[in-house]
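Let me begin by presenting the structure, written as structure tokens, before commenting on it.
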Amino acid sequence: MSAAMLLAACSPVLNRELMKQGMRDVPYYQLREAPDAYKGKLYILGGVIVNTRLTESGSQIEALFAPVDSYGYLKEGVYGQGRYLALYPKSKGLLDPVVYKKGREITLAGEFLEVRKGKIDEMEYAYPVFEIREIYLWEEYRSYYAPYYPYYPYYYNSPFLHDPWGRPYPNPYWPVPPW
């Protein structure tokens, strides 16, 4: 049982072949300045969704770039290098904007296509554009203890209410330590 859990914890979030083929060290600013040198290459990248739209050609995700590790997990606290567009062809299906909504985290394998001009509010912006080969949508993080925090601050910060990886246990009525 524990061996199966260990193997599952060490498995990549995307297809192993794509993870081997794709480059994780995305030269983000170089993509924008010299796109022809990188056109057609496969990249593994992560992000936080800013917007998802449905277009005639398929689904389009605008995301804030986040680098990933060798298993496709987002590196914590390394956001803000820029934004990119990820296109999911209509022939593969649909990425529903209700599911792929603002704030959700993703990891994807995408082929670099071009740099496309766009706007962020009133500012002109050059978006690197990737065609999605495979995408992984991370689970939403939910804190079960936030409603109790103002009244019971020791419940929220208790190490007994979190698993070894720092995630809260799913039961808000978990027994409180006797001390």
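Every read-out reported here was derived from the displayed coordinates using simple, explicitly stated rules and does not represent laboratory data. These numbers come from a predicted model, not from an experiment. No Cβ is skipped: glycine too gets one built from the backbone with ideal geometry, and neighbour counts run over all protein chains shown.
Listed values, structure above:
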{"quantity": "Karplus-derived 3J(HN,Hα), 6.51/-1.76/1.60, for each residue of region 125-138, Hz, glycine and proline x", "calculated": "9, 9, 9, x, 10, 10, 9, 6, 9, 8, 9, 10, 9, 6"}
{"quantity": "V50, V13, V26 arranged by Cβ crowding within 10 Å, fewest neighbours leading", "calculated": "V50, V13, V26"}
{"quantity": "Gain on full stretching of the segment that runs from Y125 to K102 - 0.36 nm per residue minus C-alpha separation", "calculated": "6.4 nm"}
{"quantity": "Distant-in-sequence amide H partners of Y125 (H built 1.01 Å from N, under 5 Å)", "calculated": "G118, K119, I120"}
{"quantity": "Likely footprinting exposure, I132, I61, I120, fewest C-beta neighbours within 10 Å first", "calculated": "I120, I132, I61"}
{"quantity": "From phi via Karplus (6.51, -1.76, 1.60), per-residue ³J(HN,Hα) for region 103-109 in Hz, x at Gly/Pro", "calculated": "x, 6, 9, 9, 10, 9, 9"}
{"quantity": "Amide H partners (placed H, <5 Å) of G47, local residues excluded", "calculated": "A66, I106"}
{"quantity": "Simple label model, 7 Å out from Cα along Cβ direction - K41 to D69, nm", "calculated": "2.4"}
{"quantity": "Exposure proxy order (Cβ contacts within 10 Å, fewest to most) of R16, R53", "calculated": "R16, R53"}
{"quantity": "For Q81, residues with placed amide H under 5 Å, excluding near neighbours", "calculated": "F65"}
